[in-house]
Amino acid sequence: MSVKIAILAGDGIGPEIIAEAEKVLHCLRLEFGFSAEFEHAPVGGAGFDAAGHPLPEPTLALAHQADAILLGSVGGPQWEQLERDLRPEQGLLGLRAGLELFANLRPAILYPQLANASTLKPEIVSGLDIMIVRELTGGIYFGKPRGIRIREDGQREGFNTLVYSESEIERIGRSAFETARKRSRRLCSVDKANVLECSELWREIISKLGKDDYNDVELSHMYVDNAAMQLVREPKQFDVMVTTNMFGDILSDAAAMLTGSIGMLPSASLDSHGKGMYEPIHGSAPDIAGRGVANPLATILSVAMMLRYSLDEPVLAGHIEQAVGKVLDSGLRTEDIASSGMQVVGTADMGDAVVAALRAA
Ligand code: NAD
């Protein structure tokens, strides 16, 4: 059966890195029997330029029809003066909301070949491979009431609401347990149940889910302050972590920085049926756009995640990840991950090298 992949290149380095990911997809189709059709549409600043909106109606319609979405990146200085609703980031938020992509999967992987890129000692981080599952559409970032009001004593006060319903906790919990099943069956749920009632309910629902439906997965709980500390002290103790929107926002950035190489990290945002949008964690890098030096590996690894989490092709996903490993072994590096003695190549050469390694798989 053929799958349909929506390809949204976006802005800045987006089109350059997406072009390399497409080389990989075409290689899978030509040489590995992967049956897929690809359709392109503009989003972000490119959407505004083409149709006057960062998420043009046909782009959202395509995203709805597709089995999975591959996104480059959005944003750039030329669109910063637009009113908020028309800025490129709204394209991304509109896709997440429109498709109900509530589960954000952010792996932090440090290839042993790049251990020196981290600010932590190589023995602490070399071979690191953890997955943070962050709730993406609820919690304090969306809770109401919210605002800034004037108190009786005349002072202004800001206020937000941290709220999670049982069903919201259960659905992110299921995504996390399912993710753990695809890895080493260990899940750590991060909360602040010693202080917050919302976290108390979170812990209760996640524990019940573990007991009732996922007792093949080893579940542990950790307070968020301890989790932050443990991430920099001994990050390899973790496999899959699941947490709320705000805690996940902070912990996933900290975990990403453990690897020291933003150009290497993919991400996925999934709905409750496993349909997802896949993109590198970095932005549109306007400072290097058009120079042919951007690292395409995060986007290529996003294709691997897409194959594993939405398209049920774990073997092909593994081939891509191994191909990236082989290319790093061979000493090729884009500028952002270069170190002494390595051969620096541009975006297209890096993509070609991954395709060559894939062909040899
Ligand atoms: P950025 O991630 O684009 O860039 C940060 C730094 O990392 C820059 O020096 C850049 O050159 C470098 N970098 C990023 N990706 C790289 C790659 N693949 N290869 C080599 N170097 C790379 O973050 P920023 O500069 O804060 O934001 C730039 C624009 O991107 C802004 O408009 C921002 O809103 C947008 N943004 C978009 C997304 C997204 O599309 N999901 C995420 C973050 C930022």
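The values are calculated or read from the model by the stated rules, or taken from the named source; none is laboratory data. Predicted model, so just to flag it, every value in this text is computed and none were measured. Positions of Cβ are generated from backbone atoms using ideal geometry, with glycine treated the same way; all protein chains shown enter the neighbour counts. We work out accessible area using only protein heavy atoms, side chains counted, and drop any ligands, DNA or RNA first. Shrake-Rupley method; radii C 1.70, N 1.55, O 1.52, S 1.80 Å.
Numbers for the structure displayed
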quantity: Any hit, segment 331-342, residues being in contact with a Phe, Trp or Tyr (Cβ under 7 Å, 6 or more places away or on another chain) and either part of a loop (DSSP other than H, G, I, E, B) or in the same structural domain as Gly45 (by TED's automatic domain parsing) (or both); calculated: no
quantity: Criterion (in contact with a Lys or Arg (Cβ under 8 Å, 6 or more places away or on another chain) and modelled with pLDDT of 95 or more) met by exactly one of Met350, Met305, Met277; calculated: Met277
quantity: Residues within segment 65-99 that are part of a helix (DSSP H, G or I) and of a type outside the set (A, V, I, L, M), tallied; calculated: 12
quantity: Qualifying residue in segment 277-287 (condition: assigned to a strand (DSSP E or B), touching a residue at least 60 places away in the same chain (Cβ under 8 Å), within 11 Å of the ligand (Cβ to nearest atom) and of a type in the set (A, V, I, L, M)); calculated: yes
quantity: Which listed residue is open to solvent by 10 Å² or more (accessible area, probe 1.4 Å) and either assigned by TED's automatic domain parsing to the domain that holds Ala298 or free of Cβ contacts under 8 Å to residues at least 12 places away in the same chain (or both), from Gly94, Gly47, Gly75; calculated: Gly94
quantity: Residue in segment 24-38 that is in the same structural domain as Glu313 (by TED's automatic domain parsing), outside any loop (DSSP other than H, G, I, E, B), open to solvent by less than 10 Å² (accessible area, probe 1.4 Å) and in contact with a Pro (Cβ under 7 Å, 6 or more places away or on another chain) present; calculated: no
quantity: Matching entry among Ala41, Ala61 (being free of Cβ contacts under 8 Å to residues at least 12 places away in the same chain, within 25 Å of Ser310 (Cβ to Cβ) and open to solvent by less than 70 Å² (accessible area, probe 1.4 Å)); calculated: Ala61
